[in-house]
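The values are calculated or read from the model by the stated rules, or taken from the named source; none is laboratory data. Predicted model, so just to flag it, every value in this text is computed and none were measured. Heads up, the Cβs are rebuilt from the backbone with ideal geometry, glycines too, and the neighbour counts pull from every protein chain shown. These accessible areas exclude ligands, DNA and RNA; they are computed on the full protein's heavy atoms, side chains included. Shrake-Rupley method; radii C 1.70, N 1.55, O 1.52, S 1.80 Å.
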Amino acid sequence: MVGRAFGAEKKPVLVHVTPNHRYPAGGRLSALRRQQLISHAQHHGTLILENDYGCEFTYEGSDYPTLYSMAPDNTMLLGTFANAASPALRIGFAVAPPQIARNIAFRIGQAHQRASWPAQKIMEALLRSGELDRHIRRSRRHYLSIRRLIQKQLAPCSRYIAFQGNGAGMLVVLRGQTARIDCALQEALKANGVRFQPMTDLAGPGSNPTGFLFGYGHMELSTARESLELLSSWIQGIVARGFSGA
């Protein structure tokens, strides 16, 4: 990514990155690649737009410092409380170099698009009291339990289905180990009235990825277990009908 961004003759003015959770596949930017990105940005005067959406829920690997903390003069950090608290609050935040911060505040004032004042004060109280941090830790334990359940429930089907993107966020990408299994599984989901988002909906031009998203941000552990049991039974039914070939 860093090589492609800065490899052209004309260097970028701005680079948008999601270092902690690349949606939907879930990849994270390593420490080495973070440092390479910062070095290139500082050398070429590029602004890094660090989108930290979903950073609260990471389950493996290191907790890296923000790019902003490593290069505050070249980085603008964007975040939201949609996952940590509720999307209904419609509150986000930006941490930016002084001149950019002043410009953002001016534009927001012109557009009259400020978030609700009571909602802002509630969020401030949650931050100051530490309650938001405690809530995030409880939520992380809950989603980690579901993540482990997914691994356990789908382990017997590992010859037929794979999953990725489970290192962060509140979803995994499930895909058949062969194109036939993947297609048959998506057809089984449709036939049973299950609404889902295939990876093809999120693909760029010329790309035709297999798989679909399994989101569990709205689930209790019991609901996730039920869903996975149904999914496993459909996979077994597909395999029994002879769809294990390429």
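See the values below:
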| quantity | calculated |
| --- | --- |
| Loop-located trypsin sites (Lys or Arg not before Pro) in region 1-89 whose Cβ has at most 10 other Cβ within 10 Å (DSSP) | Lys10 |
| Exposed GluC sites (Glu not before Pro) absent - longest run of the chain, DSSP non-H/G/I/E/B, at most 11 other C-beta within 10 Å | 61-219 |
| Unit charges on C-beta of K, R, D, E only; dipole of the chain, Debye | 60 debye |
| Net charge of neighbours whose Cβ lies under 11 Å from the Cβ of Tyr68, counting Lys and Arg as +1 and Asp and Glu as -1 | -3 |
| Rounded to 5, the percent of DSSP beta bridges in the chain classed as antiparallel | 65 percent |
| For region 1-147: accessible area per residue (Å², 1.4 Å) | 60 Å² |
| Spatial separation of Cα centroids for region 90-109 and region 199-246, in angstrom | 40 Å |
| Neighbourhood charge, 13 Å Cβ-Cβ cut-off, centred on Pro198 and excluding it, Lys, Arg +1 and Asp, Glu -1 | 0 |
| Local electrostatic count, Phe212, Cβ distance below 10 Å [Lys/Arg +1, Asp/Glu -1] | -1 |
| The chain, accessible surface, carbon-and-sulfur percent (1.4 angstrom probe) | 53 percent |
| By average C-beta atoms within 10 angstrom, highest first, the peptides 178-184, 235-241 | 178-184, 235-241 |
| Region 175-235 - accessible surface per residue (Å², probe 1.4 Å) | 56 Å² |
| Förster radius 22 Å - calculated FRET efficiency between Gln177 and Ser207, Cβ distance, rounded to 0.05 | 0.70 |
| Residue with peak Gaussian network fluctuation, the chain [Cα springs, cutoff 10 Å], from Ala115, Ala84, Ala94 | Ala115 |
| Correct choice for log10 I(q)/I(0) by the Debye sum over Cα atoms at q = 0.09, 0.17 Å⁻¹ that was computed from the model, options (1) -0.51, -1.30; (2) -0.46, -1.42; (3) -0.36, -1.27 | (1) |
